[in-house]
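Quick notes on the structure that follows.
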Amino acid sequence: MAIEVAKVILENVSDASGLEALIDANVFSADEVIAVIGKTEGNGGVNDFTRILADRAFRDVLMKHGSRPEAEVKQIPMVWSGGVDGVLCPHATVFARVPGEPGPEPRLTVGIAMSDTILPEQIGRPAMVEKVAEGVRRAMTNAGITDPADVHYVQTKTPLLTMETIAEAKARGEDVITEQTLESMDISNGTTALGIAVALGEIEMPTADQICHDVSLFSSVASCSSGVELDQAQTVVVGNAPVGGRYRAGHSVMADALDIDGVYAAIRSAGVDLDDRARADDLGDRVVNVFVKCEAVPTSRLRGRRQVMLNDSDVHHHRQIKGAVGGVVAAATGDPAVFVSVGALHQGPSGGGTVAAIVRAE
């Protein structure tokens, strides 16, 4: 088998016409789609309903054109990250498993898994790390990857806390890590990243005190998102293996919000030869998409210069840093339809973030 991958633009909040066009053109069938990773145009917060609208639209297309039962279509991982601040463009990257013969070089492979249910009281705690790690290992097996070094990108979607789930946990006599629902988004993402790092052997199992506190612990391939639309960890593992196909994956990290070289390092890792001082024009049509995590630098100093976004009470720092890094990545690739997600705790170095690239192999 081989992986076919394509990027489509969302022309409105519930637009799945790009997916439908790919199916109509026989690029892949509806039943061959195994995962979707996308950006929507909402506020990126707890109440971002655009993720739900996009999710429903894409699943409706798969139901309309495919033969899989609804229960099976509902289990397809669709990771929607809300917020296209600045120049970012709403879009989705669609992965399909199609027939293909293995070639002499490793090619893109994708594995998927759903974890066991993550209870509200487990968010931000070791039990969540363990459940995520178990799901990542199963997704690796599903991808045909045995060596963690061949994993270049792990995208997850996990639950966060809402007032309803907080109340439900308390009714069972349990406590939760925080009662601030927006804060729980970063906590869920960070805890998930540690689960990925544990599964890939990047770190040992962290203690409860280290989770979301010890920023020296991180995964170099994790990209974690959270929302209200699920109570499990959806996991999509992307890497290279001896399979068919015409794509490759690679990864690197951005050391900080201005590290454009980190973007090019990920593209080089995927197999594109670039000069030391690369630019967007050097990429041609080789890059399918780039996936980036980012965060406001906790020290409020970027390359020695004072930053004030963490003091801003009018515009949340999530939106400011996403717009800023989105501009850097769009400039690097020449394409504003790039996946830039905020909340990079334990996802790359502190103040930076992970970068993954999927490219067309020569």
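The values are calculated or read from the model by the stated rules, or taken from the named source; none is laboratory data. Everything quoted here is computed from the prediction, not taken from an experiment. Because the Cβ atoms are built from the backbone with ideal geometry, glycine has one as well, and the counts that use them run over all protein chains shown. Ligands, DNA and RNA are excluded from the accessible area calculation, which covers all protein heavy atoms including side chains. Shrake-Rupley method; radii C 1.70, N 1.55, O 1.52, S 1.80 Å.
Miscellaneous remarks
- Top-ranked residue in the stretch 204-215 [being within 22 Å of Pro148 (Cβ to Cβ) and without any contact (Cβ under 8 Å) to a residue 40 or more places away in the chain; ranked as most open to solvent (accessible area, probe 1.4 Å)]: Glu204
- Selection of first residues in the stretch 17-34 that are more than 11 Å from Gly66 (Cβ to Cβ) and of second residues that are among the small types (Gly, Ala, Ser) and outside any loop (DSSP other than H, G, I, E, B), restricted to Cβ pairs under 7 Å at least 6 apart or on distinct chains, gives the following pairs, ordered by first then second residue: Leu22/Ala6; Val27/Ala6; Ile34/Ala96.
- Restricting the stretch 261-283 to residues that are open to solvent by 40 Å² or more (accessible area, probe 1.4 Å) and in a helix (DSSP H, G or I), the residue that is farthest from Thr333 (Cα to Cα): Ser269
- Test: residue in the stretch 323-344 that is of a type in the set (Asp, Glu), within 17 Å of Thr93 (Cα to Cα) and touching a residue at least 40 places away in the same chain (Cβ under 8 Å): yes
- Ile9 being among the β-branched types (Val, Ile, Thr), in contact with a strand residue (DSSP E or B) (Cβ under 9 Å, 6 or more places away or on another chain) and surrounded by fewer than 16 Cβ atoms within 10 Å (Cβ to Cβ): yes
- Members of the stretch 112-143 found to be part of a loop (DSSP other than H, G, I, E, B) and surrounded by fewer than 17 Cβ atoms within 10 Å (Cβ to Cβ), listed by number: Asp116, Thr117
- Taking the numbered list (1) within 27 Å of Thr156 (Cβ to Cβ); (2) touching a residue at least 40 places away in the same chain (Cβ under 8 Å) in turn, Asp281 passes all entries but (1).
- For the stretch 55-72, the set of residues classified as under 16 Å from Leu230 (Cβ atoms) and either among the β-branched types (Val, Ile, Thr) or touching an Asp or Glu at 6+ places or on another chain (Cβ under 8 Å) (or both) consists of Asp55 only.
- Of the residues making up the stretch 174-197, those that are open to solvent by less than 30 Å² (accessible area, probe 1.4 Å) and not hydroxyl-bearing (Ser, Thr, Tyr) number 10.
- Subset tally (residues that are under 16 Å from Leu160 (Cβ atoms) and over 15 Å from the mean Cα position of the chain (by Cα)) for the stretch 212-231: 5
- Strands (runs of 3 or more DSSP E) enclosed by the stretch 4-109 - at least 3 residues per element that are at pLDDT 95 or above and closer than 24 Å to Val151 by Cβ: 33-40, 91-98
- In the stretch 217-256, the residues that are closer than 30 Å to Gly304 by Cα, of a type outside the set (Ser, Thr, Tyr) and open to solvent by 10 Å² or more (accessible area, probe 1.4 Å): Leu217, Phe218, His251, Val253, Ala255, Asp256
- Screening Gln307 on (1) within 23 Å of Pro106 (Cβ to Cβ); (2) at pLDDT 95 or above; (3) in contact with a strand residue (DSSP E or B) (Cβ under 9 Å, 6 or more places away or on another chain) shows it passes everything except condition (1).
- The combined condition, being within 29 Å of Ala25 (Cβ to Cβ), surrounded by fewer than 18 Cβ atoms within 10 Å (Cβ to Cβ) and not β-branched (Val, Ile, Thr), is fulfilled by Gly103.
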